[in-house]
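Worksheet for the structure shown next.
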Amino acid sequence: MSDIGHARKTLGKRILDGTGEASFPDRRAAFNNRELSGSLGALVDQVALHANRITDQDINAAREAGLSEDQIFEIVVCAAVGQANRQYDAAIAALDDAAGKE
Amino acid sequence: MRLQVLDSGHGFGTKALFALIRTVSRQPVLDVVKVVKYRADFYGKPMSAVTQEAMRGPSNWSVGDRELMAAMVAKTNECEFCVKAHSAVAQKAYGHEQKVSELLSDPKNAHVAEPLRATLLMLGKLTREHTVNAEDMRAVLAAGASPQQIKDALAVCFSFNVIGRLADTLGFSIPSQEAFDAGAKYLLARGYR
C-alpha cells in the first residue's frame, strides 16, 4: 500500500532545514503560520486558509516589504506544505481514534 | 504567473526541455510544470516523490479514483487549474466523462460505490474545514473503506492541498482544454516523476 511518510518527511526537512534564500526562521514561521506579521504574515495566512482569494496585490505587498521573488516562492511553498501537513496529521489522528489505536 | 522567476528563471537545460515539450505536444508548458522545474531541489523533486507515491503507489483505489479525489480536493479549494487538470486525468482513466462531472457536482447522490462516496465526502470536509474528527472517520469505515484506503486517500489529499494552494497563490494560467488533455495523457502514461 502507498506510504508517503518518508517522502513527506524529506520534503519538510528540505524546505525548512535546507539551503534557501528566505531565512530559516521565516520559513519555519510560514510553515507553522505563526509569528509573522505585516504583509508577509497576511500572505502566509491567505496561502494557508484562503489561497483562492489571493491577488496580485498580496504578492506585490510582499515584494514591497523587501522580499525577492525567490524568497516569496520559498515562503509560499512552506506555508502551503505546512497547512497540508496540519490537515493530514489531524485526519490521521482522527482515523487512529476511530480505529481504536493509541 | 505572479512570480517572473517561475515563468522565465529556469536554467538553459530546462528551457530546452520546455521548447521540446512545446514542439512535441503543440501545447504551452503548463505552469505546474514550470514550478516543479524551478530550483527543483527545493520543491519539485521532493514534492514529486510524495505525489508519485500518493497517486501511483500501490493502493486498493484505482488511478481513476485517486485522480477523482484530487479533483474533489481542488473543487473544494475552488482551484480551477487543478479541477480541470485532474478531472481530465480521471475522465481518461475511467473512460467516462459524465461519471466524473456527476461525482464532482453531487457526490452525495451520484451513482458510485459507498466506500468511494464516503471517502470523497470526508476529503471534502477535511479540505473545507481543515480538520475532521473520529466520528467522520467512523462514517467512512462504516461505508466499507479500510483504514489503509483512508490513509491512501489522505495522501492524495495532502498532495493536492499543497499543489492547489500553489496554483492559486502563484496565479497559474488556465490553458485550453486541449492542453489539459495533453497533460492528462502524459500523467496517465508517465505519472508524477
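Here is how the numbers come out for the structure above:
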| read-out | value |
| --- | --- |
| Descending principal axes extents, segment B:4-190, alpha-carbon based, whole Å | 53, 32, 28 |
| Principal semi-axes in Å for the protein assembly as shown [√(5λ), Cα gyration tensor, largest first] | 29, 24, 17 |
| Crossing angle, helix B:114-129 versus chain B [Cα axis fit, 0-90 degrees, rounded to tens] | 60 |
| Nearest 10 degrees, 0 to 90: helix B:12-25 Cα axis against chain B principal axis | 70 |
| Alpha carbon centroid spacing (whole Å) that separates segment B:1-31 from segment B:97-167 | 33 |
| Net charge dipole size for chain B [Lys, Arg +1 and Asp, Glu -1 on Cβ; Debye, nearest 20] | 620 |
| Sorted by Cβ density within 10 Å, fewest first, the residues B:136, B:181 | B:181, B:136 |
| Long-range HN-HN contacts of residue B:77 with modeled amide H, under 5 Å | none |
| Global geometry of segment A:24-98, whether rounded, prolate or oblate, following the gyration tensor of its Cα atoms and the 1.5 cut on a/c | prolate |
| Among B:126, B:17, B:104, residue whose mean-square fluctuation peaks in a GNM of chain B (springs only between Cα atoms under 10 Å) | B:17 |
| Per-residue Cβ neighbour rank within 10 angstrom, fewest leading, B:127, A:19, B:169 | A:19, B:127, B:169 |
| For chain B, built as a Gaussian network whose Cα springs stay under 10 Å, the top-fluctuating residue of B:112, B:50, B:32 | B:112 |
| Dipole magnitude (debye, nearest 20) for the protein assembly as shown, charges at Cβ of Lys, Arg, Asp, Glu | 760 |
| Selected from B:81, B:133, A:80, residue furthest toward positive end of dipole (the protein assembly as shown; charges at beta carbon) | B:81 |
| Which of B:163, A:59 has the fewest Cβ neighbours within 10 Å, and the rest in rising order | A:59, B:163 |
| Pairs from B:15/B:45; B:34/B:185; B:75/B:108; B:15/B:92; B:75/B:125; B:45/B:84 whose Cα-Cα separation, in the structure shown, is over 20 Å | B:15/B:92; B:45/B:84 |
| Square roots of five times the Cα gyration tensor eigenvalues for segment B:1-111, Å | 29, 15, 14 |
| On Cα atoms only, tilt of A:69-98 relative to the major axis of chain A in degrees | 20 |
| Average Cα contact separation per residue, segment A:24-98, under 8 Å, 6 or more apart, as relative contact order % | 39 |
| Residue with peak Gaussian network fluctuation, chain B [Cα springs, cutoff 10 Å], from B:20, B:30, B:120 | B:20 |
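No lab work stands behind these numbers, since they all come straight from the coordinates. The shown structure was predicted, so the numbers you read here are calculated from the model rather than taken from an experiment. Here Cβ is always computed from backbone atoms with ideal geometry, including for glycine, and neighbour counts include all displayed protein chains.
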